[in-house]
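Read the structure below first, then the notes.
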Amino acid sequence: MGLLDTIPYKTVVPAHRPWPRAVVAETGWRAAVNHLVGGRLTLLAFWAESATVHMALFDAASSEVAVVSYECASGAFPSVAIHHPPALRLERTIHDLFGLTPTGAGDLRPWLDHHAWGKSYPLAGRNASRDAVPYTFLPAEGEALHQVAVGPVHAGTIEPGHFRFTANGEHVVRLEQWLGYTHKGIESLMQGASLEAAAKLANRTSGDSAAAYAFAFARAAEAALDIEAPRRATLLRALMAELERLANHFGDIGAICNDASFALMHAQTGILRERCLRAADLAFGHRLMMDVIVPGGVTRDVASEGVSALRALLAEIEKVFPRLIELYDNTASLQDRTVTTGIVTMDYARQFGAGGYVGRASGRNFDARRSLAHAPYDELSFEVPVLEAGDVNARVWIRIREVEQSVGLIAQILDRLAAGEIRIALPSGHGDCEGIALAEGFRGDVLVWLRLGGDGRVERCHLRDASWFQWPLLETAIEGNIIADFPLCNKSFNCSYSGVDL
Amino acid sequence: MRQTLLESLTHGSLTEPAPSPDDAALAELAKAVDRAAQAKLGRSLAIRQVDAGSCNGCELEIHALSNAFYDIERFGLRFVASPRHADVLLVTGPVTKNMRQALERTYNATPDPKWVVAVGGCAADGGLFRDSYACVGGVADVVPVDLHIKGCPPSPTDLLKGLLALLEHVGGKG
């Protein structure tokens, strides 16, 4: 356990798989925070239980993961966010849900709690009240500045959230986001749920990433139970994950171009996206492939007409997509809007551990399919595209390259699909166990951590969307750009609201 | 690219035949329209979509209504940016408590006559999120609902059936 060598810890928790979880005292917690600040480790996730806080850490040099846990004896823990900004929203969420107080925190404004639930600290397991005070946005002052408030109900068919722009003329000097509008209490509903019911909730954490969430949830449960899904099921899971990636990338490439007033691309990629969803429907019986991936395997095998639909889909993409790439690359009016717009610096992408196209367009060479390789990706051949410009254009190009890789992956999977079991029975009579897994969703890595009780029910489950570490970077990306370019920047990120509001 | 443009001119339309109005939806709608007894709007409906806390699955399928296959505008249905331009609110989600006020305000900002269509299992009764401390339940617990379109999420065809049922009644029985 190399990652934990430099973090003093008290004990290692048994039956936590596949990576270790260590209980630390304050010195260990501070050592972990120092490694985050110094850049040796990356924060993968930060969550709580009623009297404990956990951080999942990643060491890029050795591709190791570990979880450190701090027991909040007096209902408090040393603030991480005061030293390491990527932890800020997660820390505010922990306080909102559990009432655990980060000592020394510089910002304890509510994040999810809009004072509408009728109770405070809903997951704390104890009664406590919190004063309802109006939300205060961070100040931005200056003679020529004005504010533009947008949302939660937006002009398009998108999720609700609030954006507060402070602008000098057309130029944005500060954007502050306030989310939480779609908070559904998913982690509360998971407590005490059967694995089957919890898997359904995981599927509906962020509808565009249903397969990715189900994949991560199933693997976390299987890690906890120390079992492996059959090989055919594993291949089918990856097939669904890549199909989901294709559908979303097509939708996004078109939507970004549409926001740059280039509707033709939107129409063309919309056709490809619809063809992906129809192939998914034929192959797996659901356009978004919900409830197919479950702990133990998959609930249905790919239909034979589904395999031919998938082969036809690949042929269509290989015929049409190169022309669309050429169109994107050769349209000056489009490039004028995307090149050098909405830049995320490489430093920020690294510090925040930004996943997906946001990280990879800004030089962060991380992809859960390769960096933390798992079946079946460990036997498939693919490349992870990385660029350094960090602008809207780079995020479009990462998507374009990923479409090409996913087409290759689906073809390899179809070639390898041999007859076999698709689901195994879950063991009964196991003791308490814990599991953690990452799956590479289309917008980045989805992390799931869970603890199962001896009765097979979920005691605690945390789902961490890639967007946690991407949303804050959108605030920096828009600075100095004009308000009219915000939709373009926003679409190039396409962060999830439901996935972070939970 | 010129080749792509020329080909798309010659390969014909991708749009598929319009589905027939859904019977259950019609029955529910007839009652609502009797109650409302609003003036005829003509064969055109402006739709404002409101996400009141969904997982975004319904929104993806609502988006699909505008693609070349379904091409919703051929039915006189179009999405508008403001509730003040809308005849219909298309509402998704289990209505989170954090969105309740925004939904009420959006409803109040929509001029009469107006119709509310609740889309998806969550919007019907809260779905999987019904028992959460953070959710209200269904859309009808917050604003009056004229039509439910079921599904998790409903397919574009299901959405179209429901909307066509609405259109025929709004346009033909004013």
Which ones in segment A:456-496 are within 16 Å of residue A:361 (Cβ to Cβ) and among the β-branched types (Val, Ile, Thr)?
A:476, A:478
Scanning segment A:484-502 for residues that are part of a helix (DSSP H, G or I) and among the aromatic types (Phe, Trp, Tyr), the one surrounded by the fewest Cβ atoms within 10 Å (Cβ to Cβ) turns out to be A:486
Find the residue count for segment A:258-281, including only residues that are more than 17 Å from residue A:208 (Cβ to Cβ) and of a type in the set (Asp, Glu).
1
Taking segment B:123-140 as the search range and keeping residues that are open to solvent by 30 Å² or more (accessible area, probe 1.4 Å) and in contact with a Lys or Arg (Cβ under 9 Å, 6 or more places away or on another chain), which one is farthest from residue B:15 (Cα to Cα)?
B:136
Does residue A:56 satisfy being open to solvent by less than 10 Å² (accessible area, probe 1.4 Å), small (Gly, Ala, Ser) and at negative phi?
yes
Which numbered condition residue A:229 misses (of (1) farther than 22 Å from residue B:89 by Cα; (2) within 20 Å of the chain's Cα centre (by Cα)):
(2)
Hits in segment A:174-198 (condition: within 11 Å of chain B (Cβ to nearest Cβ), touching a Phe, Trp or Tyr at 6+ places or on another chain (Cβ under 8 Å) and either open to solvent by less than 10 Å² (accessible area, probe 1.4 Å) or among the β-branched types (Val, Ile, Thr) (or both)):
A:179, A:180, A:182, A:184, A:185, A:186, A:198
Please state which one of A:361, A:389, A:425, A:394 is open to solvent by less than 10 Å² (accessible area, probe 1.4 Å) and out of contact with any helix residue (DSSP H, G or I) (no Cβ under 8 Å at 6 or more places or on another chain).
A:394
When segment A:114-146 is checked residue by residue, the ones that are under 26 Å from the mean Cα position of the chain (by Cα), over 19 Å from residue A:163 (Cβ atoms) and touching a residue at least 60 places away in the same chain (Cβ under 8 Å) are A:122, A:123, A:124
Among (1) more than 11 Å from chain A (Cβ to nearest Cβ); (2) under 15 Å from residue B:51 (Cβ atoms), where does residue B:112 come up short?
(2)
Just wondering, is there one or more residues in segment A:473-483 that are part of a strand (DSSP E or B), more than 14 Å from every other protein chain (Cβ to nearest Cβ), under 15 Å from residue A:202 (Cβ atoms) and among the aliphatic types (A, V, I, L, M)?
no
If you go through segment A:315-334 one residue at a time, do you hit one that is open to solvent by less than 10 Å² (accessible area, probe 1.4 Å), at pLDDT 95 or above and within 29 Å of residue A:448 (Cβ to Cβ)?
no
Among the residues of segment A:199-211, write down those that are in contact with a helix residue (DSSP H, G or I) (Cβ under 6 Å, 6 or more places away or on another chain) and farther than 20 Å from residue A:456 by Cβ.
A:205, A:206, A:207, A:208, A:210, A:211
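Let's see how each residue does on (1) in a helix (DSSP H, G or I); (2) open to solvent by less than 10 Å² (accessible area, probe 1.4 Å):
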residue: A:69; (1), (2): no, yes
residue: A:73; (1), (2): no, no
residue: A:82; (1), (2): no, no
residue: A:90; (1), (2): yes, yes
residue: A:95; (1), (2): yes, no
residue: A:102; (1), (2): no, yes
residue: A:112; (1), (2): no, yes
Which residue out of A:390, A:431 is farther than 18 Å from residue A:346 by Cα and either part of a loop (DSSP other than H, G, I, E, B) or of a type in the set (Phe, Trp, Tyr) (or both)?
A:431
Filter result for residue A:254 (within 11 Å of chain B (Cβ to nearest Cβ), under 17 Å from residue A:402 (Cα atoms), in contact with a Gly (Cβ under 9 Å, 6 or more places away or on another chain) and crowded, with 17+ Cβ neighbours inside 10 Å)
yes
Of all residues in segment B:48-81 being free of Cβ contacts under 8 Å to residues at least 40 places away in the same chain and more than 7 Å from chain A (Cβ to nearest Cβ), the one that is farthest from residue A:494 (Cα to Cα)
B:73
Would you say residue A:239 is among the hydrophobic types (A, V, I, L, M, F, W, C), open to solvent by less than 10 Å² (accessible area, probe 1.4 Å), within 14 Å of another protein chain (Cβ to nearest Cβ) and within 25 Å of residue A:357 (Cβ to Cβ)?
no
Going by the structure shown, is residue A:225 under 30 Å from residue A:116 (Cβ atoms) and aliphatic (A, V, I, L, M)?
no
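The values are calculated or read from the model by the stated rules, or taken from the named source; none is laboratory data. None of these values were measured; they are calculated from a predicted model. We place every Cβ from the backbone using ideal geometry, glycine too, and count neighbours over all the protein chains shown. Side chains are part of the model used for accessible areas, which takes the heavy atoms of the whole protein and leaves out ligands, DNA and RNA. Shrake-Rupley method; radii C 1.70, N 1.55, O 1.52, S 1.80 Å.
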